[in-house]
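The values are calculated or read from the model by the stated rules, or taken from the named source; none is laboratory data. Just so we're clear, the structure is a prediction, and the values are computed from it rather than from any experiment. Here the Cβ is made from the backbone with ideal geometry for all residues, glycine too, and neighbour counts use every protein chain on show.
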Amino acid sequence: MFPWALRHLPGPHQEIFRHQEAMKGFIRHEIIRHKLKASEAPKDFINCYLAQITKASDDPISTFNEENLIQVVIDLFLGGTDTTATTLHWALIYMVHHRNVQERVQQELDAVLGSAQAVCYEDRERLPYTRAVLHEVQRVSSVVAVGAVRQCVTPTTLHSYYVPKGTIILPNLASVLYDPECWENPRQFNPGHFLDKDENFVVNEAFLPFSAGHRMCPGDQLARMELFLMFATLLRTFSFQLPEGSPGLRLEYVFGGTLQPQPQKICALPRLSSPSPDLTEEGL
Ligand code: HEM
């Protein structure tokens, strides 16, 4: 109710504020570095935002300023780090759990990419099974099960429900990703949810892990690209399995903002047919 009061109360939460200040200091430093190199053409987000601050300097109601730039950079890191890493964790766990799916992805990667050195994002068009598997990982793991808290800005009627202005809204994204009317076997891990009868990749409009509308995740394209490149590269290079003596996989999630897998060990064994030259056991 009084979030500002936390800053003045002693306790372990003060650690969070110390980390926050350290992070802000790091970003401030980056902004100065960018300003010193200002003559070059804008290359990244900080460059573009700084240009926007200059452009809007005569606008008294502009929100473009350096304090906001620092906060936006923090938001991008907060929004984009844990979500993507957690999805990849789940992807590896599901590959260990469904060995046949892992092998089929590897067969497709080998057949389509051959000895090409690196995977690129355009390759996804030629890798329908790999793409379907990754979509199914995102659907079943439902990493952001409940979207960001929003507030209704205008009176609205949705499916005959009246939503008054000011209503606090918590979108239950997991309910869409597990909707029995949209998915054949919502509780089962089945890449077939994203394949047609000819094994072509198909979009399903209930696939909304990034939410929908004006405030949907602004990092969705980046996340899709990162996930595809990392997943395909990992599966091309390694086979994943349980270590000897393992008590088995633990598939129940832990709630930590996102739905995270429990800490557990899995082995990455270099594949003999791996195209990457340095991934011998000594190179790892
Ligand atoms: C698997 C990866 C990701 C998932 C599942 C995910 C999911 C989401 C969801 C569900 C929301 C709430 C949208 C809403 O309220 O309608 C959101 C917001 C957000 N995401 Fe992501 N996200 C991912 C990756 C990223 C990445 C890579 C970035 C940035 C580099 C990012 C930055 C943000 C930011 C800044 C917001 C808040 C947007 C706002 O308040 O308007 N996300 N994300």
- Task: Please find, among P171, P186, the residue that is surrounded by 14 or more Cβ atoms within 10 Å (Cβ to Cβ) and without any contact (Cβ under 8 Å) to a residue 12 or more places away in the chain.
- Result: P186
- Output the number of the condition that T156 fails; it satisfies all remaining conditions of (1) of a type in the set (V, I, T); (2) without any contact (Cβ under 8 Å) to a residue 12 or more places away in the chain; (3) out of contact with any strand residue (DSSP E or B) (no Cβ under 8 Å at 6 or more places or on another chain). (3)
- Go through the residues of the stretch 149-165 one by one and say whether even a single one is within 13 Å of the ligand (Cβ to nearest atom) and surrounded by 20 or more Cβ atoms within 10 Å (Cβ to Cβ). no
- Before we move on, is P171 modelled with pLDDT of 95 or more and not polar (S, T, N, Q)? no
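Has the stretch 119-132 got at least one residue that is outside any loop (DSSP other than H, G, I, E, B), assigned by TED's automatic domain parsing to the domain that holds L242 and within 15 Å of the ligand (Cβ to nearest atom)?
yes
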- Note on the structure: Residue count, the stretch 190-209, condition assigned to a loop (DSSP other than H, G, I, E, B), surrounded by 14 or more Cβ atoms within 10 Å (Cβ to Cβ) and in contact (Cβ under 8 Å) with a residue 60 or more places away in the chain, comes to 2
- Item | Among (1) surrounded by 14 or more Cβ atoms within 10 Å (Cβ to Cβ); (2) touching an Asp or Glu at 6+ places or on another chain (Cβ under 9 Å), the one test that A116 misses | (1)
- Query: Does at least one position in the stretch 9-25 carry a residue that is in a loop (DSSP other than H, G, I, E, B), away from the ligand (no atom under 16 Å from the Cβ), outside the structural domain of L222 (by TED's automatic domain parsing) and among the acidic types (D, E)?
  - Reply: no
- Message: When you check H34 against the structure, is it away from the ligand (no atom under 16 Å from the Cβ) and touching a residue at least 24 places away in the same chain (Cβ under 8 Å), yes or no?
- Response: no
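Conditions (1) more than 16 Å from the ligand (Cβ to nearest atom); (2) of a type in the set (F, W, Y); (3) at pLDDT 95 or above, marked per residue:
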residue	(1), (2), (3)
C182	yes, no, yes
P191	yes, no, yes
D196	yes, no, yes
N200	yes, no, yes
P209	no, no, yes
A212	no, no, no
A223	no, no, yes
F228	no, yes, yes
- Message: Taking the condition of being within 16 Å of the ligand (Cβ to nearest atom), β-branched (V, I, T) and either in contact with a Lys or Arg (Cβ under 6 Å, 6 or more places away or on another chain) or free of Cβ contacts under 8 Å to residues at least 40 places away in the same chain (or both), how many residues in the stretch 77-118 meet it?
- Response: 1
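Restricting to the stretch 221-272, count the residues that are in a loop (DSSP other than H, G, I, E, B) and free of Cβ contacts under 8 Å to residues at least 24 places away in the same chain. Before the answer, list the steps.
Filtering the stretch 221-272 for residues in a loop (DSSP other than H, G, I, E, B) gives 242-252, 257, 262-266, 271-272.
From what's left, free of Cβ contacts under 8 Å to residues at least 24 places away in the same chain: 244-248, 250, 252, 262-263, 265, 272.
Counting residues in the stretch 221-272 that are in a loop (DSSP other than H, G, I, E, B) and free of Cβ contacts under 8 Å to residues at least 24 places away in the same chain gives 11.
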